[in-house]
Amino acid sequence: MADDLLVIIPTRGRPQAIPEIVQAWDDTGATADLLFAVDTDDPELAGYKKHATALKDDGRVRFTFGKRRRLCGTLNTQAVKAAKGYRFLAFMGDDHRPRPAATPWDERIRVCLSGGSGIVYGNDLLQGEAMATAVAMTSDIVDTLGYMAPPALVHLCLDIVWLDWGRGMGRITYLDDMVIEHLHPAAGKAELDAGYEEANSEQQVSSDSAAYYDYRDNGGLEADLAKLRKLVAYSQGGVLEPGTTIARNATGAAEEVVA
């Protein structure tokens, strides 16, 4: 592991985004590790593999190729795997671009999260503070919940859940001057392609909205917040409940109390 922060980018149908994102890393002086998660049934698979070959000597960048799980499923699969090896995990879409600043954006994330379990997000120049369209969190959150976003979601509403988690555990920070620009058609910064059409279709909006409200209103959110609040308390010197494992120490070994 070259870094303590991993940025996971599920991507489909947009291999042209790869060199643009890597250039954004170069332009901002970022050292965070970068994982592109690509579907093996992607019509543009050859383009992704070409970029993977070209970038094989870049120690920051790697690719993973697997069956299609849609955005949330792919993110969760990779985040759960990475949680044991990274202190911090982040999500960006393939249409996000970090922008240069006096202090690199990835260093801002590390500093902000260095005090313990929590979530941080920046200004995407579209939703701003209202939605965490790109997000970073301590990996113990993923380790505790078993996912980086509720598995019932497919593509939408993840950014709302991250706000719910951060506010509910009292550990969320919005950095207005940390710009991670969202090049979305809604901002007039991208053309509407097949990926946007699928993700924002009436059916997908309806399905993910229903899944989010079910999670929020029928116990899912409160169950997760109970675990996250215990995690925060533990990171601040609290005590684990008997029979529960809610955090891992720096060695990766479970901190467990058995009744």
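The values are calculated or read from the model by the stated rules, or taken from the named source; none is laboratory data. If you're wondering where the values come from, they're calculated on a predicted model, not measured in any experiment. The accessibility values were calculated without ligands, DNA or RNA, using every heavy atom of the protein model including side chains. Shrake-Rupley method; radii C 1.70, N 1.55, O 1.52, S 1.80 Å.
The H on the amide N of M178, modeled in the peptide plane, is under 5 Å from the matching H of N123, each at least 5 residues off or on a different chain.
How much accessible area per residue does the chain have, counting only protein heavy atoms and a probe of 1.4 Å, in square angstrom? Don't skip to the end; give the middle numbers.
Details: 11730 Å² over 259 residues.
It amounts to 45 Å² per residue over the chain.
A Cα-only calculation for the chain places Rg and Dmax at 17.9, 57 Å. The heavy atoms of S206 present about 70 square angstrom of accessible area, all protein chains included, probe 1.4 Å. Among the listed pairs K56/K227; K84/K230; K49/K227; K81/K189; K50/K81, a Cα-Cα separation exceeding 30 Å is found for K56/K227; K49/K227; K81/K189. Within the range 1-105, the proportion of Cα pairs with more than 21 Å between them is 30 percent.
Calculate for the chain the 222 nm mean residue ellipticity that helices alone would give, adding -39,500 (n - 2.57) per DSSP H run of length 4 or more and normalising by residue count, nearest 500 deg cm²/dmol. Before the final figure, lay out each step's value.
Details: 9 runs with 100 residues, N = 259.
Only helices count here, giving -11500 deg cm²/dmol.
Report, in degrees rounded to the nearest 10, the 0 to 90 angle that the Cα long axis of helix 202-217 makes with the longest principal axis of the chain. Roughly 10 degrees, rounded to the nearest 10. Averaging 1/r across all pairs of distinct Cα atoms in the range 116-175 and inverting the result yields a Kirkwood radius of 11.7 Å.
Counting only protein heavy atoms and a probe of 1.4 Å, the accessible surface of the chain is 51% carbon and sulfur.
Taking a ≥ b ≥ c as the square roots of the eigenvalues of the alpha-carbon gyration tensor, the range 163-236 is classed oblate because a/c is 1.5 or more while a/b is no larger than b/c.
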